[in-house]
Amino acid sequence: RMEICYHAHIDREIESLIERIHPPRVCIDNDSCRDCTVVKVDSANRKGILLEMVQVLTDLDLIISKSYISSDGGWFMDVFHVTDEAGKKLTDETFMLHIQQELCVTRSKGKISRDREWGSEQGAEEEVVGREITAMEMSGVDRAGLLSELAGVLVEQDCVVTAATAWTHNDRVACIILVEDAFKAGPISDPKRLGLMEEQLENVVAAHRGERKRVRMTRLGAGNTHRERRLHQMMYADRDYESCRACEGDSSGEHKKGCDGTHVSVGKCEDKGYLVVNVRSRDRPKLLFDTVCVLTDMQYVVFHAAISSKRSIAHQEYYIRQMGSSVIPSESEKQKLTLCLIAAVERRLSHGLRVDIVTENRVGLLSNVTRVLRENGLSISRVEIGTEGGKAVGSFFVTDCSGEEVNPNIVELVRQETGGSVVIDHKSPHRIRQSSSSSSSVIHQTNDTEEAKPRFSLGSLLWSRLERLSGGFGPIRS
């Protein structure tokens, strides 16, 4: 039997032929587990398939509580235990069919592209079929009021913001803001105008001499760049992981009792030449995506993995190799991998008050909201905002620069800028949810409480179940 190996130089036409011969099979099982829906994927293996599958599920706002992964050789098998955002099993047959279709056609229809390499200038303007969008990418040193100043420049340049995503981590910031012409809907195509905008934004970002910073205006095809993966790449290129600190633990990666930090251990499996990576952290939506994203972009291939979570604690175990190599990485490379995984987990952690906004989108909305927060001495730790049917929908996470708790009275000022009502929610959910389609603006205080969980081992579970799982694929139950 011929063994199929996947490396970066494999011709795309050969990959496509293999996929046509062995198309993905997806089974959605709602009967075998009492409290979750089981999604099973069986497919020919190829580069990046795990990240694509995880990305599809997380983009559909599904919570992955457990997963078993095997892709050793030419075949890929994965089992995901998922729930909706409320932690409930999936019951909508139409939605389950949509999940199956998305997992099957993701590659063939090009819904998820191969993202640009870090630092590469290629792809700054992508010729695509369909609607283009104009994006501002920025990374550099974080400081109070930076997003407000950037938004102010965009208003001065007659731009309307259609989406914005920003992360801060270890005193660094990365953000992507999608804009359109305020006077005529559509992308900004004038090179001189884009150049002027880039220059003015660069002046805003300019920091102390020697600091790394970058601003770029680019035209992209709608849907061709996954913003959150791009943010990971930008923060990696900005080396935000260098300031990460690994929590202390023993040689097996066990954490100290009562420690609620992120724990990563990197060992090795001599027989197979694998690195064995264990990650223990607070659980949250998109955690698996963030981890797999960083492993993929660091050119590691996941051969086997087991992921589980219980309440607010997640355990991830990966058996990986560097792409195209069976050599065990050096100690310095393993240390870098450890820090990068910690950074991947922590970049999306939320601090302070969460402000959920649903209001009519308009020119200057982002500028006005961020200005109010800045004038009241607040910093923005994370932003996720987009548009739905002419409305701006999203979340701001705000903290007090002095370290004090944010005064909830700020919500009244935000309400005046958004034109909506404000509700204060003092609950502390274990998971941070996406903003709902409610017509009000909501503020949450985020403060996760954790519960420890017995160590989850791939060696004691995955191997015994893999054969049984591989035989359980079938059609969607109706």
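The values are calculated or read from the model by the stated rules, or taken from the named source; none is laboratory data. As the structure is a computational prediction, the values presented were derived from the model and not from experiment. Virtual Cβ from ideal backbone geometry, glycine too; neighbours counted across all protein chains shown. Calculation scope for accessible area: heavy atoms of the full protein, side chains included, ligands and nucleic acids excluded. Shrake-Rupley method; radii C 1.70, N 1.55, O 1.52, S 1.80 Å.
Assuming Glu198 fulfils every condition listed in (1) charged (D, E, K, R); (2) surrounded by fewer than 18 Cβ atoms within 10 Å (Cβ to Cβ); (3) at pLDDT below 90 apart from one, which condition is it?
Failed condition: (3).
Run Ser32 past the list (1) open to solvent by 20 Å² or more (accessible area, probe 1.4 Å); (2) of a type in the set (Gly, Ala, Ser); (3) in a strand (DSSP E or B) and report the number of the one that doesn't hold.
(3)
I'm trying to understand the selection: among the residues of segment 287-302, which are open to solvent by 30 Å² or more (accessible area, probe 1.4 Å) and not β-branched (Val, Ile, Thr)?
Gln299
Checking Glu125 against (1) touching a strand residue (DSSP E or B) at 6+ places or on another chain (Cβ under 8 Å); (2) open to solvent by 60 Å² or more (accessible area, probe 1.4 Å); (3) at pLDDT 50 or above, only one condition comes out false. Which one?
(3)
Arg371 versus (1) modelled with pLDDT under 85; (2) surrounded by fewer than 21 Cβ atoms within 10 Å (Cβ to Cβ); (3) basic (Lys, Arg): which is the lone unmet condition?
Condition not satisfied by Arg371: (1).
Mind checking whether some residue in segment 327-334 is of a type in the set (Lys, Arg), part of a helix (DSSP H, G or I), open to solvent by 40 Å² or more (accessible area, probe 1.4 Å) and out of contact with any Cys (no Cβ under 8 Å at 6 or more places or on another chain)?
Within segment 327-334, not a single residue is of a type in the set (Lys, Arg), part of a helix (DSSP H, G or I), open to solvent by 40 Å² or more (accessible area, probe 1.4 Å) and out of contact with any Cys (no Cβ under 8 Å at 6 or more places or on another chain).
So Ile410 ticks every box in (1) open to solvent by less than 70 Å² (accessible area, probe 1.4 Å); (2) under 20 Å from Ala144 (Cα atoms); (3) of a type outside the set (Phe, Trp, Tyr); (4) at pLDDT 80 or above but one. Which box is left unticked?
Ile410 satisfies all of (1) open to solvent by less than 70 Å² (accessible area, probe 1.4 Å); (2) under 20 Å from Ala144 (Cα atoms); (3) of a type outside the set (Phe, Trp, Tyr); (4) at pLDDT 80 or above except (4).
Consider segment 354-367. How many of its residues are within 22 Å of Gly152 (Cβ to Cβ), of a type outside the set (Ser, Thr, Tyr) and open to solvent by less than 40 Å² (accessible area, probe 1.4 Å)?
Total meeting the criteria: 5.
Answer yes if at least one residue in segment 90-112 is open to solvent by 10 Å² or more (accessible area, probe 1.4 Å), under 30 Å from Arg193 (Cβ atoms) and at pLDDT below 90, and no otherwise.
Within segment 90-112, one or more residues are open to solvent by 10 Å² or more (accessible area, probe 1.4 Å), under 30 Å from Arg193 (Cβ atoms) and at pLDDT below 90.
Results for (1) at pLDDT 90 or above; (2) surrounded by fewer than 22 Cβ atoms within 10 Å (Cβ to Cβ), shown as yes or no for each residue.
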site: Ala144; (1), (2): no, yes
site: Asp158; (1), (2): yes, yes
site: Arg172; (1), (2): yes, no
site: Asp181; (1), (2): yes, yes
site: Ala185; (1), (2): no, yes
site: His208; (1), (2): no, yes
site: Glu211; (1), (2): no, yes
site: Thr218; (1), (2): no, yes
